[in-house]
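What follows is a single structure, written as structure tokens, with notes after it.
Any read-out appearing in this document is the output of simple, stated calculations on the displayed coordinates, not a laboratory observation. None of the values given here were measured: they were computed from a predicted structure. Because the Cβ atoms are built from the backbone with ideal geometry, glycine has one as well, and the counts that use them run over all protein chains shown.
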């Protein structure tokens with residue numbers, strides 16, 4: 001079975017075609033764009049909310065996109081166990097939609113950050129990480145101005161207890177310190193999943209490091225993990 005990925009396109013999305021290229025052209029998965037005003041998910045096995053600046057990021061990042069007609073379909077899909085992945089702005093939309101806990105704040109530097117970062121995998125036993133070799137650090141680019149993840153102490157305790165923290169920003173030697181944190185995110189959190197384990201949000205862009213011509217294909221580990229769960 002060849003998995004089908006549905007990529008939602010909002011006004012202001014700018015990583016939708018990157019995701020399509022990584023999935024369709026590099027990995028040979030079935031992929032289709034889904035317009036934000038539609039409600040039909042077109043029999044997708046996985047929904048991708050891509051990066052960008054949906055609706056210009058007015059009010060708050062993801063705040064308007066959360067009310068797009070297609071989001072109700074995405075929420076229903078997730079509640080039935082469907083796999084949903086939000087990248088950067090997509091992560092912000094998942095937070096606004098209540099599919100993941102917490103909020104995004106401005107980067108602590110108050111500057112847009114665009115660079116490669118290293119990520120540690122905190123839980124390998126998930127749909128999104130089970131194809132990643134043990135102890136491997138992923139090198140994946142970030143590009144955001146509001147990636148400073150925050151949640152209250154009770155929520156953070158629950159995330160840790162339930163093993164929902166999926167990725168942390170770390171140094172090239174795997175140390176989660178302040179210097180390796182590009183945005184001030186609490187506990188160096190770069191990505192997390194919901195309790196059920198079928199919804200993931202992450203700030204780094206795996207779709208931007210899948211083609212060998214770029215000299216880095218670490219993003220493929222995440223997409224292949226997802227696809228392997230569908231195929232199996």
Mind jotting down the distance between the C-alpha centroids of the range 1-39 and the range 125-195, whole Å?
24
How much of the DSSP beta bridge set in the chain is antiparallel, as a percent to the nearest 5?
55
In Å³ per residue, the alpha-carbon convex hull of the range 61-137 encloses 124
For the chain, what does -39500 (n - 2.57) per DSSP helix run (n ≥ 4), summed and divided by total residues, give at 222 nm, in deg cm²/dmol to the nearest 500?
-5500 deg cm²/dmol
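Tell me, what is the FRET efficiency for residue 212 and residue 38 to the nearest 0.05, using R0 = 45 angstrom and their Cβ-Cβ distance as r? Display every interim value, and only then the final one.
Working: r = 34 Å, r/R0 = 0.76.
That gives a FRET efficiency of 0.85.
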Order these by the 10 Å Cβ neighbour count, fewest first: 37, 4, 115.
115, 37, 4
Mind giving me the nanometre distance, one decimal, between the label points for residue 160 and residue 177, set 7 Å out from Cα along Cα→Cβ?
2.0
Cβ density ranking, 10 Å radius, fewest first, applied to 60, 168, 196 yields 196, 60, 168
Simple spin-label model, 7 Å along Cα-to-Cβ: residue 108 to residue 79 in nm?
3.7
From Cα pairs below 8 angstrom and at least 6 apart in sequence, can you work out the relative contact order of the range 4-231, rounded to a whole percent?
20
Of 44, 180, 157, how do they rank once you tally other Cβ atoms within 10 Å and put the fewest first?
157, 180, 44
Residues in the range 140-168 that a label on residue 125 would reach, taking backbone N under 18 Å of a point 7 Å out along Cα→Cβ:
158-167
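How much length, in nm to one decimal, is gained on full extension between residue 116 and residue 230, taken as 0.36 nm per residue of separation minus their Cα-Cα distance?
Values: separation 114, 0.36 × 114 = 41.04 nm, distance 2.92 nm.
Answer, rounded to one decimal: 38.1 nm.
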Estimated inter-spin distance, residue 72 and residue 135, nm [label 7 Å along Cα→Cβ]:
5.1
